[in-house]
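Have a look at the structure below, then the notes.
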Amino acid sequence: MKLHVDWTACDGRGVCTELLEEMLVEDDWGFPVARDGQRSPAVPPPLEGAAKQAVDRCPMLALKLIAR
Amino acid sequence: MTSVAEAAVGRVERRLLDGELGLDAHLARHGRLPLLDGSQIIGMARDSGLTGRGGAGFPVWRKLSAVAEAGDGSAVVVANGAEGEPASGKDRALLAYQPNLVLDGLQLVAAATKARAAHLYAPKAALAPLRALLEARRVAGLDRMSVTLQAAPDAFVSGEESAVVSALNGRGAVPADKRIRVIQAGVGGSPTLVQNVETLAHLALIARYGAGWFLSAGTADEPGTFLATISGAVRRPGVVEAGYGVPLGELIAAVGGATMRLQAVLIGGYHGGWVPADPALPVSRQALEPYGASPGAGVLVALPAGACGLGETARIAGYLADQVAGQCGPCINGLPRMAATLADLAARRPRAGLAAEAERLARLVSGRGACHHPDGTARLVLSAMRMFQADVAAHLNGRCLATEGYR
């Protein structure tokens, strides 16, 4: 599974960077940026639970899990 | 630089741009389209190796077959002539001089995808003459599928595939998230094919003269001709046609040659990259890749010796920052900051870490938007930092090599 950010919806609220700090950090303006620099970073299996939680709690519904 | 002489086979030649104006002249020269079924059209697109001429260079046959399969009779096809790039004029030229090739190509892709609707999306000024032409074609019984005209707003991102679909859906012409692709769900939710107008015109010629004829221009890897819009320090700025792999010097010669010694050429437009003004350099994806550039939509800007490449890049970056659609945070914030950083560097307002900051911002915004606007802008900035490396160092010390005539 990979994380996908719909940038047209993301408002930089910071929920995902808190819940998934192993994968995401905030950029200069508070928007999430993948630590591995990937556009759609792969979710390691131990973080799948946290990733699902981050997706569910995104207030803008901007974060998604995608198969490819 | 590697030897390139053996690779260059492309030449300046007129295929799309050849011929007289008007429907009668078009029919006298090329005749009506042969009757072809969907699999024949997709097959000839595959055999010819035709790629999209809007900039991305994706194989046409793959998009055609994907939309044909997903559409199952409900697909929508769009001829895209939006051409938001200020330094590009080839789509406008094509729609003005050879619109019948574009309209023929649109009929071909409509047949290949068994489409239910066809649209032509282009700037308002280009549409008025097309109305009368579409009527003349209808009277002549040329078009099986009627074509709807849609005005494209004058903005850099208005021709991006998902922005085109958004405009046709009655919303703003701004890019959308790519989790669902337009080939799956585009105009009215239907699988949608968006193809640049030049691409369609090539297809119209391939249908008449065959894939083998198309392959006789360009290189083995990148067949066919492309339209180039050449501006900057050249005698007759304008649109010329050449096979891929054409040496840069031949393209410049085709617009009357340079007005003065050139120091670099921007290839691929405002989202492109700077390359050395080497007359032997082939204009092909393969030869330009080491410079982080590609032919893209065929936009070339010639930079004369004595002009500052960092200044020119800062000007373009400022324009691109102004053209942000306003949807994606990293682009909204990052592009103006990147442009301002480059402007400081160009204007020799040095501060600690200025050059590194421009590169950091370019990497930070890359890949973080609904479309490639941040990526393309970052590519331009990074390419300028490499190509004008000596001037980056000079500017940090309050000097400018280009304008001082040091080169």
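Results, tabulated for the structure shown:
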{"item": "Cα gyration tensor shape of segment B:23-215, rounded if a/c is under 1.5, else prolate or oblate by comparing a/b with b/c", "result": "rounded"}
{"item": "DSSP-assigned coil residues among trypsin sites (Lys or Arg not before Pro) in segment B:23-98, each with at most 14 further Cβ atoms within 10 Å", "result": "B:ARG32"}
{"item": "Total lysine pairs whose alpha carbons fall under 24 Å of each other in segment B:23-215 (8 or more apart, or interchain)", "result": "4"}
{"item": "Chain A: angle of helix A:48-57 to the longest principal axis, Cα-based, in degrees nearest 10", "result": "30"}
{"item": "Simple label model, 7 Å out from Cα along Cβ direction - A:ASP28 to A:LEU65, nm", "result": "3.4"}
{"item": "Calculated SAXS-style log₁₀ I(q)/I(0) at q = 0.13, 0.14, 0.19, 0.22 Å⁻¹ - segment B:128-247, Debye, Cα scatterers", "result": "-0.81, -0.92, -1.22, -1.20"}
{"item": "For segment A:2-66: relative contact order, % (alpha-carbon pairs under 8 angstrom, 6 or more apart)", "result": "47"}
{"item": "Cα-centre dipole for chain B with unit charges at Cβ (Lys and Arg positive, Asp and Glu negative), debye to 20", "result": "500"}
{"item": "Residues whose placed amide H lies under 5 Å from that of B:GLY245, excluding near-sequence neighbours", "result": "B:VAL283, B:SER284"}
{"item": "Cα gyration tensor shape of segment B:309-404, rounded if a/c is under 1.5, else prolate or oblate by comparing a/b with b/c", "result": "prolate"}
{"item": "Relative contact order of chain B, defined on C-alpha pairs under 8 angstrom at six or more residues apart (%)", "result": "17"}
{"item": "Cα gyration tensor shape for the protein assembly as shown, rounded if a/c is under 1.5, else prolate or oblate", "result": "oblate"}
{"item": "Acute angle (nearest 10 degrees) that the helix B:373-387 long axis makes with the longest principal axis of chain B, alpha-carbon atoms", "result": "40"}
{"item": "Stretchable slack from B:ARG363 to B:ALA25, in nm (0.36 nm times residue separation minus alpha-carbon distance)", "result": "116.6 nm"}
{"item": "Top positive-direction residue, dipole computed over segment B:287-407 with Cβ charges, set B:ASN333, B:GLY318, B:VAL299", "result": "B:ASN333"}
{"item": "Charged-residue dipole, Cβ positions (Lys, Arg, Asp, Glu), segment B:201-298 about Cα centre, Debye nearest 20", "result": "300"}
{"item": "Nearest-20 debye value, segment A:2-66 charge dipole, Cβ charges on Lys, Arg, Asp, Glu", "result": "260"}
{"item": "Angle between chain B longest axis and helix B:60-71 axis [Cα atoms, degrees, rounded to 10]", "result": "60"}
{"item": "For the protein assembly as shown, calculated [θ]222 nm from helices alone, where every DSSP H run of n ≥ 4 adds -39500 (n - 2.57)", "result": "-12000 deg cm²/dmol"}
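Every number in this text was worked out from the coordinates using simple rules, so none of it is lab data. Note that the coordinates shown come from a computational prediction; the quantities given were computed from them, not determined experimentally. Neighbour counts run over all protein chains shown; Cβ positions are idealised from the backbone, glycine included.
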